[in-house]
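Working notes, beginning with the structure itself.
Any read-out appearing in this document is the output of simple, stated calculations on the displayed coordinates, not a laboratory observation. Note that the structure is predicted; figures quoted are calculated from it, not measured. Positions of Cβ are backbone-derived with ideal geometry, glycine not excepted, and every protein chain shown enters the neighbour counts.
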Amino acid sequence: MKIGVISLGCPKNLVDTEVLLGKLNASNAQFVSNLEDADVILINTCGFIDAAKEESINTILEATKLKENSDKKIVVTGCLVERYKNELEKEIPEVDMFIDLKQEFQIPEKIGLQPKLKKPLYQNRILTTPKHTAYLKISEGCDHTCAFCAIPNIRGKHRSRPIDELVEEAKILADQGVKEINIVSQDTSFYGIDIYGKPMLWELINKIEKIDEIKWIRLYYLYPTTVNEDFIKNIRDSEKVVKYFEMPVQHSEDKILKDMMRGYRKRKIQQILEWKEKHIPDAAIRTSVIVGFPTETEKDFENMKEFIKNAKFDWLGVFEYSHEEGTPAFEKYEDIIPKEEKIRRKNEILNVQEKITEEKNRQLIGKEVEILIDGFSEEWENLPIGRIYRSAYEIDGITYVETTEPLRAGDFIKAKIKDVVDVVDTVAYLE
């Protein structure tokens, strides 16, 4: 059976796709990149916000066009299906199966295959990232009830995976050539509380650090309420956790944070930034904010813009508020801020952040840094591209490396930053 797979959405969803690929592979399925050659088109969707839902719907509709006058089957799973399965079945009958998350990993059997797994499910993953970097999903679901967020409705309560199981998976990834482990979940800093009665992220990290082949460990999706000074010190003291962490703050103003039901206020964000400056001033922080929440006034927005100017986050994503069914904000507020206004606010924040990011990159000029080589430029085939510690794979800026030395993907090198290109990217040269 020839199978074409499309994975949409976040790295957490990508891990689910990779697990599915592993199970399909154990069924002797053949993977094809050209969907026209596929017997089955499998789409793992995202259903988090309007833009993601639109992308998922368009992808499904494009696949249905390929089905015309053929025996192809289309199977759709993921967050969009979990939220809207009944509606999707009515509106897009050309799809053969809509599979909810509870049955996601039974898809091979549902399409008539018989997997022969010799190892537990997650240990059969087929990586879709470059072989030297991989995501490790340490938990599923979220216990927070943020007013704007549909994730708890889609993915359920927080469920941590056992430490031993995760360490074994990390060892298998290392045996496959992975050198950078990217830890992901819906709430990474909450890890372990549900099964161990206390936060256990650092106990997990301490064990992964003992795997010799793993050189970098990167932290995504930290929640501000569970980040304290000791957490920052642990990043400082770790030999393998890169001095980078992603921590969405969503807003700066107390009134909006309260309405968003975030569980912290501006002072907590400021405190984390103070701890960071005190203990690891060269650490990079990626965050995200939401503009156009129903109760956000122009003054709230201007205050957040000023806060961002002063906070000087290294990387920042901006999302327009999306009015999502089933969320507390949907029940309590009307989506009164026009789309055009949300776009204006988003662009203003992005313009502020662009200047900050360029300034941060220019501060690196002349400094020698460690670079992980990811591959080679599409424009200049022999020009290596990689990342320094302050850039996450496929999210942040890249570093071009000018050298005559033969380099391979997965190599770690030391080189000096020479210049900044297009605000977010840098150029280094290898002496």
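Local charge for K355 was computed over the other residues whose Cβ lies under 15 Å away, with Lys and Arg +1 and Asp and Glu -1, and equals -2. Give me the aspartates and glutamates in straight-line cross-link reach of K268: C-alpha distance below 13 Å, same-chain residues under 8 apart excluded. List returned: E229, E253, D254. What residue among Y191, Y393, Y84 has the largest mean-square fluctuation in a Gaussian network model of the chain, using Cα springs under 10 Å? Checking each option, the largest mean-square fluctuation is seen for Y84. Max-minus-min Cα coordinates of region 77-118 on each principal axis give 38, 19, 9 Å, with the largest extent listed first. Where both bridge residues fall in region 127-362, DSSP classifies roughly 10% of the beta bridges as antiparallel.
Calculated on C-alpha atoms, the gyration radius of region 333-431 divided by its Kirkwood radius gives an Rg/Rh of 1.15. Stokes-Einstein diffusion for the chain, with the hydrodynamic radius set to the Kirkwood value over Cα pairs and evaluated at 4 °C in a medium of 1.567 mPa s, equals 56 µm²/s. In order along region 279-285, the phi-based Karplus estimate (6.51 cos²θ - 1.76 cosθ + 1.60, θ = phi - 60°) of 3J(HN,Hα) comes to 9, 9, x, 8, 5, 9, 10 Hz; Gly and Pro are listed as x. For region 1-68, a Kirkwood hydrodynamic radius built from all Cα pairs, placed in the Stokes-Einstein relation at 10 °C and 1.306 mPa s, yields a translational diffusion coefficient of 126 µm²/s.
Per the Debye formula on identical point scatterers at the alpha carbon atoms of region 127-362, with no solvent, log10 I(q)/I(0) at q = 0.07, 0.09, 0.16, 0.18 Å⁻¹ is -0.25, -0.41, -1.21, -1.40. In order along region 88-105, the Karplus-derived 3J(HN,Hα) couplings, from 6.51 cos²θ - 1.76 cosθ + 1.60 at θ = phi - 60°, round to 5, 4, 6, 7, 10, x, 5, 6, 6, 9, 10, 10, 6, 5, 5, 10, 3, 7 Hz, and Gly and Pro are given as x.
Using the Karplus relation 6.51 cos²θ - 1.76 cosθ + 1.60 with θ = phi - 60°, the per-residue 3J(HN,Hα) values for region 355-367 come to 5, 5, 4, 5, 4, 4, 5, 5, 5, 7, 4, x, 8 Hz, with x marking Gly and Pro. Note on N310 and E54: their simple-model spin labels are 3.5 nm apart, each label 7 Å out from Cα toward Cβ.
Antiparallel beta bridges, as assigned by DSSP with both residues in the chain, represent about 30 percent of the total such bridges. Among the trypsin sites (Lys or Arg not before Pro) in region 330-418, those located in a DSSP loop and surrounded by at most 14 other Cβ atoms within 10 Å of their own Cβ are K367, R408. Highest-first packing order for the peptide set 206-216, 63-73 is 206-216, 63-73, based on the mean count of other beta carbon atoms within 10 Å.
Taking a Cβ cut-off of under 15 Å around K266, the surrounding Lys, Arg, Asp and Glu residues balance to a net charge of +1, with basic ones at +1 and acidic ones at -1. Annotation: amide H-H contacts under 5 Å for V369 (H modelled 1.01 Å from N, sequence separation of 5 or more, or interchain): A415, K416, I417.
Counting only Cβ charges, +1 for Lys and Arg and -1 for Asp and Glu, the dipole size of region 2-110 around its Cα centre is about 240 debye. Give K72/K110; K276/K360; K355/K414; K215/K414; K72/K118; K12/K339 a once-over and call out the pairs whose C-alpha atoms are over 21 Å from each other. Over 21 Å Cα-Cα: K355/K414; K72/K118; K12/K339.
Region 184-242 and region 38-79 have their alpha-carbon centroids 35 Å apart. Calculated on the alpha-carbon coordinates, the convex hull of region 267-371 measures out at 137 cubic angstrom per residue.
A Cβ-based charge dipole, computed about the Cα centre of the chain with Lys and Arg at +1 and Asp and Glu at -1, lands at about 1220 debye.
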